[in-house]
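Starting off with a structure, shown below.
The values are calculated or read from the model by the stated rules, or taken from the named source; none is laboratory data. Fair warning: this is a prediction, and the values are worked out from it, not measured in the lab. Methodologically, a virtual Cβ is constructed for each residue, glycine included, from the backbone with ideal geometry; neighbour enumeration extends over all protein chains shown.
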Amino acid sequence: MRLGLLVLLGLALCAAQTSDNESNAYFPAPYFDEGENLSSQNCGNETTLDQWTNVFISYKYDAFTCNEQLIAISQRSALGMGERCHLSPENASDVRIFPKNCSKRLTEVKCIRSSAKVLDMIEIGKYPTASETFMIYVTEKMPSEVVAPICLFNRDNAMDTQLQGKSPYFQWSSVSNALPFEQTNVAVLSNCSRVLNRTELEHLKTNEIPIQNILCVENGTNYFQYLINFYEGRYFLRGIRYYGLKRIPVYLDILAYMDEIARHAKDVSVLRPIPQTKQPRGFTSPGNLSFPNCGWKPTLRIVGGERAQKNLWHAYIENVLTGATCGGTLISPTVILTAAHCIYGSEAEEFIVTVGMYDTRQSTALGVQSKLVSRLITHPKYDPKELKSDVGLMILKQKIKISNYVRPICLWNGDSNLTRVAGIEAMAVGFGLVDNFTSTNELQEARLPIRAHKECYLSKRKFFGKYLRPGDNFCAGYTNGTTTCNGDSGGSLSMKKDRWFIRGIVSFGIAKKVNFKGEETSLCHPNHYSLFADVASYMDWIVENTPEISFRN
């Protein structure tokens with residue numbers, strides 16, 4: 001079957017380990033791809049030396065033309081400080097990027113043809129003083145014969161302390177006609193607070209710039225705009241000059257903003273840091289279960305799926321005002337676990353929840369129970385634009401009667417390490433669209449293998465680089481037509497040990513334009529993995545808001 005999911009096209013938990021001294025923060029190496037782990041194909045090549053900064057912005061500001069040097073990180077993205085020309089996203093449409101050798105000949109046909117229009121500008125960091133942030137310039141494709149991207153730094157920052165002042169960095173001047181290299185030493189991050197004086201430290205604090213996000217350069221020159229690393233024949237961008245501090249060279253560390261850069265730049269994607277494993281807490285019920293005798297079901301059978309066997313915990317959620325439907329999971333007699341996007345912006349009285357139902361045409365069959373809802377709870381960090389923290393709870397007005405037809409599933413009682421369950425098949429259920437995007441009245445199920453974060457990311461880097469957030473969600477499924485689809489949102493992805501435990505909540509996935517009921521619309525793409533909210537990462541919040549479930553002290 002294609003499990004029906006409400007398809008929406010649209011730094012998770014940071015893996016960085018921090019010590020008591022925050023300036024010693026560890027930034028892990030970004031994961032771009034399996035090969036050389038490069039942010040852009042063939043970036044930073046010695047043969048394209050100086051083509052990274054072969055771009056500049058030309059913009060008329062208060063009757064004069066303002067030029068600002070940028071550094072290309074892909075054929076459609078560049079980085080710059082954005083303070084000289086007072087640029088903002090509002091005037092992006094007035095800006096073009098030109099090759100550097102066009103700086104005095106902007107009207108020449110050759111220069112016009114080799115320029116690229118700026119489509120958007122995104123502030124990175126978003127500090128209170130906008131002129132002191134750096135910006136991503138999203139452009140039309142810049143001509144490869146005049147512009148070649150530099151690589152974004154692809155290792156962690158441990159080398160800064162390990163090499164003790166011998167780090168192979170260079171300061172780069174983007175305006176010098178001579179070979180713009182000057183070797184320099186980078187102070188280890190813990191030294192930044194020692195190198196900066198009290199006024200400079202107060203400036204960073206006032207502008208909410210964490211000290212661990214900057215690199216302090218010893219024996220350097222304020223003139224140079226970029227901090228460059230040379231490694232195995234390629235050049236990597238590590239820092240961009242921060243103009244807020246004038247006494248010594250200070251650079252904003254690219255590693256601290258890598259996730260934000262990759263999300264907004266074109267043709268750049270990165271797997272977000274994988275957080276440390278969250279250890280489980282024990283439940284008060286016997287056997288370390290979330291509810292007595294949960295997750296057990298008698299033997300009875302979503303695209304590529306079968307009719308469901310007895311699924312005692314699946315909830316059919318219907319909004320009686322809009323007619324929209326979702327799935328949910330019974331976790332206690334009064335609480336349904338579902339996706340936040342199924343209930344966000346709605347009122348409790350709009351919903352009817354039905355459990356024990358296997359055919360929507362038999363809503364009065366033996367064992368079926370329908371209840372009204374007294375309260376809706378969405379996770380406080382839920383982001384409706386990107387479906388971050390897509391977890392919600394429905395508190396029922398009356399208790400569900402536990403029987404051989406209806407029973408809560410067990411909440412996950414293991415740790416949050418996805419590696420331990422990657423490759424294992426889990427069970428997804430729902431009333432969503434099935435083969436050829438047809439509707440079904442019968443509850444369907446499909447076994448979908450959970451995918452490791454890297455496997456998921458590499459299957460479709462552009463999409464999963466933006467929406468896969470380790471520690472918040474994970475992906476599962478096949479690329480052969482068996483997946484989740486419209487209508488299954490909020491349903492469970494469960495795993496069987498000695499009984500059934502919920503590990504994921506159907507969230508969203510990649511969409512496909514299809515003709516549906518005579519109209520073109522976006523529905524689930526059957527040849528891509530789907531995303532599921534990671535229940536293991538939200539256990540504390542779920543238990544805190546479920547009256548009948550509690551942890552051992």
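How about region 216-234: which of its residues are within 16 Å of Gln51 (Cα to Cα) and either acidic (Asp, Glu) or in contact with a helix residue (DSSP H, G or I) (Cβ under 8 Å, 6 or more places away or on another chain) (or both)?
Gly233, Arg234
When you check Val355 against the structure, is it surrounded by 13 or more Cβ atoms within 10 Å (Cβ to Cβ) and within 22 Å of Cys475 (Cβ to Cβ), yes or no?
Working: surrounded by 13 or more Cβ atoms within 10 Å (Cβ to Cβ): yes; within 22 Å of Cys475 (Cβ to Cβ): no.
Considered against the rule, which asks whether it is surrounded by 13 or more Cβ atoms within 10 Å (Cβ to Cβ) and within 22 Å of Cys475 (Cβ to Cβ), Val355 comes out as no.
Residues Ser363, Ser346, Ser332: which one is farther than 19 Å from Ser494 by Cβ, assigned by TED's automatic domain parsing to the domain that holds Asp472, at pLDDT 95 or above and not acidic (Asp, Glu)?
Working: Ser363 fails: at pLDDT 95 or above; Ser332 fails: farther than 19 Å from Ser494 by Cβ.
Just a single option satisfies the conditions, and that option is Ser346.
Tell me, yes or no, whether region 518-528 has at least one residue that is hydroxyl-bearing (Ser, Thr, Tyr), over 20 Å from Pro408 (Cβ atoms) and assigned to a strand (DSSP E or B).
Our first condition is that a residue be hydroxyl-bearing (Ser, Thr, Tyr); within region 518-528, this holds for 521-522.
Next cut, over 20 Å from Pro408 (Cβ atoms) only: 521-522.
Still in the running and assigned to a strand (DSSP E or B): 521-522.
Scanning region 518-528, I find at least one residue that is hydroxyl-bearing (Ser, Thr, Tyr), over 20 Å from Pro408 (Cβ atoms) and assigned to a strand (DSSP E or B), so the answer is yes.
Let's see how each residue does on (1) in a strand (DSSP E or B); (2) at pLDDT 90 or above; (3) closer than 22 Å to Val514 by Cα; (4) not polar (S, T, N, Q):
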site: Asp415; (1), (2), (3), (4): no, yes, no, yes
site: Pro449; (1), (2), (3), (4): yes, yes, no, yes
site: Leu458; (1), (2), (3), (4): no, yes, no, yes
site: Phe464; (1), (2), (3), (4): no, yes, yes, yes
site: Pro470; (1), (2), (3), (4): no, yes, no, yes
site: Cys475; (1), (2), (3), (4): yes, yes, no, yes
site: Ser489; (1), (2), (3), (4): no, yes, yes, no
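Among the numbered criteria (1) closer than 21 Å to Phe32 by Cα; (2) at pLDDT below 95; (3) charged (D, E, K, R), which one does Glu445 miss?
Glu445 satisfies all of (1) closer than 21 Å to Phe32 by Cα; (2) at pLDDT below 95; (3) charged (D, E, K, R) except (1).
Identify the single condition in (1) over 14 Å from Val250 (Cα atoms); (2) exposed (fewer than 15 other Cβ atoms within 10 Å of the Cβ); (3) modelled with pLDDT of 80 or more that Asn207 does not satisfy, given that it satisfies every other one.
Only one criterion in (1) over 14 Å from Val250 (Cα atoms); (2) exposed (fewer than 15 other Cβ atoms within 10 Å of the Cβ); (3) modelled with pLDDT of 80 or more is unmet by Asn207, namely (2).
List the residue pairs whose Cβ atoms are under 7 Å apart, where the first residue sits in region 531-543 and is of a type outside the set (Phe, Trp, Tyr), the second is crowded, with 23+ Cβ neighbours inside 10 Å and assigned to a helix (DSSP H, G or I), and the two are 6 or more positions apart or on different chains.
Filtered contacts from region 531-543: Leu531/Tyr467.
Additional query: Being modelled with pLDDT of 60 or more and within 30 Å of Pro526 (Cβ to Cβ) is true for just one of Gly10, Gly35, Gly4. Which residue is that? Talk me through it step by step, then tell me what you get.
Numbers: Gly10 fails: modelled with pLDDT of 60 or more; Gly4 fails: modelled with pLDDT of 60 or more.
Exactly one of Gly10, Gly35, Gly4 is modelled with pLDDT of 60 or more and within 30 Å of Pro526 (Cβ to Cβ), namely Gly35.
Is it true that Gln369 is surrounded by 16 or more Cβ atoms within 10 Å (Cβ to Cβ), among the polar types (S, T, N, Q), within 22 Å of Gly356 (Cβ to Cβ) and modelled with pLDDT of 95 or more? Show your work before the answer.
Details: surrounded by 16 or more Cβ atoms within 10 Å (Cβ to Cβ): yes; among the polar types (S, T, N, Q): yes; within 22 Å of Gly356 (Cβ to Cβ): yes; modelled with pLDDT of 95 or more: yes.
Yes; evaluated as a whole, the condition is true for this residue.
Select, from Ile424, Ile450, the only residue that is in the same structural domain as Ile331 (by TED's automatic domain parsing), surrounded by fewer than 15 Cβ atoms within 10 Å (Cβ to Cβ) and within 26 Å of the chain's Cα centre (by Cα). Walk me through it before giving the result.
Details: Ile450 fails: surrounded by fewer than 15 Cβ atoms within 10 Å (Cβ to Cβ).
Unique residue meeting the criteria: Ile424.
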